[in-house]
Amino acid sequence: MGLWRGKFPLILASQSSARKMLLANAGLEFKAITADIDERGIQAASKLSNPREIGLLLAREKARAVSAHHPGSYVIGADQTLALGDRLLNKPAGRAQALAQLRDLAGNSHELNSAVAIAHDGKIVFEDVSIARMTMRQMSEAELSAYLDAAGDVVTTSVGAYQLEGLGIHLFERIEGDHFTVLGLPLLPLLVFLRRERLVAV
């Protein structure tokens, strides 16, 4: 028996395998529905440059977009931004862009900003941003190419061209921050909210 106690199904506005795994492992029954929004268009129109604010904006918009079609349900929107100094990186468009991003990240530290927002009947009722600091080891061109060959097309599905739960772990020498933040869903503050609202059984 699941732990969800809401009157309507919990919805995750994402098809991210990592986010789905985190919610499932926490014993929460949910539906996963893709949010049909223009992320880059929304980001450009917002004129925002702060990675934390951009992540929150996109998490809110995803949650609202799905909530509009599912009255009564609590809808979780999430987004993750990567900041290398003052520079914001997006998901690479292909192998060449992934290689260019990894060249820049290698030997340096960057920050992952993981944002989560919950919408209920179109209104944002909770939001949070957690930060993880990631230090990638120095790598040669041959090592980067070997990683990209082994990882394949999956590198284009994640900001920074890596998935830490997979082969991406080989790229790092130090990680500061919790596992959930790195995987793109600040699960601990999310569960605090759900418990406070008596939406989970524990």
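Every read-out reported here was derived from the displayed coordinates using simple, explicitly stated rules and does not represent laboratory data. If you're wondering where the values come from, they're calculated on a predicted model, not measured in any experiment. Here the Cβ positions follow ideal geometry from the backbone for every residue, glycine too, while neighbour counts run over all protein chains shown.
Using r as the Cβ-Cβ distance of ARG133 and THR157, and R0 as 25 Å, what FRET efficiency do you calculate, to the nearest 0.05?
Result of the calculation: an efficiency of 0.65.
So what is the relative contact order of the chain, in percent, for Cα pairs below 8 Å that sit 6 or more residues apart? Working shown, then result.
Working: 409 pairs, mean separation 45.4, N = 202.
Result for the chain is 22 percent.
Quick one: helix 95-105 against the long Cα principal axis of the chain, what's the angle to the nearest 10°, folded into 0 to 90?
80
If you fit an axis through the alpha-carbon atoms of helix 51-67 and take the longest principal axis of the Cα set of the chain, what angle between them do you get, 0 to 90°, nearest 10?
Rounded to the nearest ten degrees, it is 40.
By how many degrees, between 0 and 90 and to the nearest 10, does the Cα long axis of helix 187-196 differ from the longest principal axis of the chain?
Around 10 degrees separate the two axes.
Of ALA68, LEU22, VAL182, which is farthest along the charge dipole of the chain in the positive direction, counting Lys and Arg as +1 and Asp and Glu as -1 at C-beta?
Positive-most Cα among the choices belongs to ALA68.
Using mean Cβ contacts within 10 Å as the protection proxy, how do 2-9, 131-138 order, highest first?
131-138, 2-9
Any idea what the dipole of segment 30-139 comes to, in debye rounded to 20, about its Cα centre with Lys/Arg Cβ at +1 and Asp/Glu Cβ at -1?
300
Compute the distance in nm between two label points, each set 7 Å from the Cα along the Cα-to-Cβ direction, one at ASP104 and one at ASP38.
Reported label-point gap for ASP104 and ASP38 is 2.4 nm.
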